[in-house]
Protein chains: 2
Amino acid sequence: MSDLTQQKCEACRADAPRVTLDESKELLKQIPEWEIMPQDSIDRLTRIFKFDDYLEAVSFSNKVAELAEEEDHHPSILLEWGQVEVNWWTHKIGGLHKNDFISAAKTDVIFNT
Amino acid sequence: MSDLTQQKCEACRADAPRVTLDESKELLKQIPEWEIMPQDSIDRLTRIFKFDDYLEAVSFSNKVAELAEEEDHHPSILLEWGQVEVNWWTHKIGGLHKNDFISAAKTDVIFNT
C-alpha cells in the first residue's frame, strides 16, 4: 500500500464509500498511534498528543489547522493544558474515508518534525 | 459587583473556595451567553462561538490561548469547522472559581472586538 503521507485528500461526495473494516485495519498499520472511536454513532480517528509546554501545543494546533485548510478537510482539535486531541472523520459520509487516514498520517508528520 | 473584565485571575490554591450557587447566579448575569455544564462530575463554564470562516475561528482560538497564558489559567478550546467551544473550570478545586468567570468575560471581549 502506498505511503499515506504522499497522498492528497480527494473531494468527498456524500455517496463516497466509507472504508471497509479490512481497509481500515490495513490503513491503521501506517498510523498505529490512532484509534477508531465512535462518537455520536460516527466512527472517528482519534489521537491524543502530549506536550510539556502550552505554547508548543498551541503551535502544533495551528499547524494541524493549516493542514486542514490545505486539504480542505477539517478535524476537531481540542487544545488543553498538556495535550491536544485530534479527531478526523468525514461529516458528509458519517464515518471514515481514506482522506481521514491520509490526514492522520500527515498529523503524525507534523508532530514528529 | 465590579466588572469581571477589569479583574485578574488570582493564583488558585487547592483549598480555595468554589463559587457558591448564589455567587454563580450573580456572576452569570455578566456573561449571559455562558452555561454551567458538568463534565465528568465537574462544573464547567461553556460557550460555543460560531464562525463562517475557518481562519477566523483559528485566530479566535489563538487569542483565547494567549489570554490563557497571560492569566496562567488554561481552558479547553475545541476548534471545529464553523465553531469553537471554550470551557473554563479550575482543575485544582474540581469546579468553578471566580477566575473562571473572569476568564469567560474576557473571552467574550475577544469575540466581540
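Any idea what angle helix B:54-71 forms with the longest principal axis of chain B, computed on alpha-carbon atoms, 0 to 90 degrees, nearest 10? That works out to roughly 30 degrees. Between copies, A:Gln6 shows label-point distances of 6.3 nm, shortest first, with the point placed 7 angstrom from Cα along Cα to C-beta. Take B:Glu85, move 7 Å from Cα toward the beta carbon, and the resulting point lies 0.9 nm from the same point in each other copy, nearest first. For peptide B:46-58, the mean count of partner chain Cβ atoms within 10 Å of a residue's Cβ comes to 1. The alpha-carbon of A:Lys25 sits under 20 angstrom from the alpha-carbons of these aspartates and glutamates, leaving out residues fewer than 8 places away in its chain: A:Asp3, A:Glu33, A:Glu35, A:Asp43, A:Asp100, A:Asp108. Scanning chain B for the beta carbon that comes closest to the axis linking it by rotation to A yields B:Leu78, 2, distance in whole angstrom.
At 222 nm, what helix-only mean residue ellipticity would chain B give, in deg cm²/dmol to the nearest 500, using -39500 (n - 2.57) for each DSSP H run of four or more?
On the way: 3 runs with 41 residues, N = 113.
Value at 222 nm, helices only, nearest 500: -11500 deg cm²/dmol.
Here, region A:1-63 has an Rg and a Dmax of 14.7, 42 Å when only alpha carbons are counted.
Between the helical axis of A:98-112 and the longest alpha-carbon principal axis of chain A there is an angle of about 20 degrees. Sorted shortest first, the separations between the B:Lys29 label point and its copies elsewhere in the assembly read 6.5 nm; each point sits 7 Å from Cα along the Cα-to-Cβ line. Computed over all pairs of different Cα atoms, the Kirkwood value for the hydrodynamic radius of the protein assembly as shown is 18.9 Å.
Sorted from largest to smallest, which semi-axis lengths in Å does the alpha carbon gyration tensor of chain B give for its equivalent ellipsoid, taking the root of 5 times each eigenvalue? Could you put the intermediate results ahead of the total?
Numbers: eigenvalues 103, 41, 38 Å².
Over the Cα atoms of chain B, the ellipsoid semi-axes are 23, 14, 14 Å.
Among the listed pairs A:Lys50/B:Lys92; A:Lys106/B:Lys50; A:Lys63/B:Lys106; A:Lys63/B:Lys8; A:Lys50/B:Lys50, those whose Cα-Cα separation exceeds 23 Å are A:Lys106/B:Lys50; A:Lys63/B:Lys106; A:Lys63/B:Lys8; A:Lys50/B:Lys50.
Centroid-to-centroid, using Cα positions, region B:1-29 and region A:71-85 are 29 Å apart.
Across peptide B:82-93, the mean count of Cβ atoms from other chains lying within 10 Å of each residue's own Cβ comes to 1.
Label zone (B:Gln7, point 7 Å along Cα-to-C-beta; backbone nitrogen cut-off 17 Å) within region B:97-113: B:97-109.
Specify the longest stretch of chain B that does not include any exposed loop site, a site being one of the GluC sites (Glu not before Pro) with a non-H, G, I, E, B DSSP assignment and at most 16 other Cβ atoms within 10 Å. Working shown, then result.
On the way: sites that count: B:Glu10, B:Glu33.
The longest such stretch corresponds to B:34-113.
Every number here is computed from the coordinates shown, using simple stated rules; none is lab data. As the structure is a computational prediction, the values presented were derived from the model and not from experiment. Counting neighbours? That spans all protein chains shown, and the Cβs are built from the backbone with ideal geometry, glycine included.
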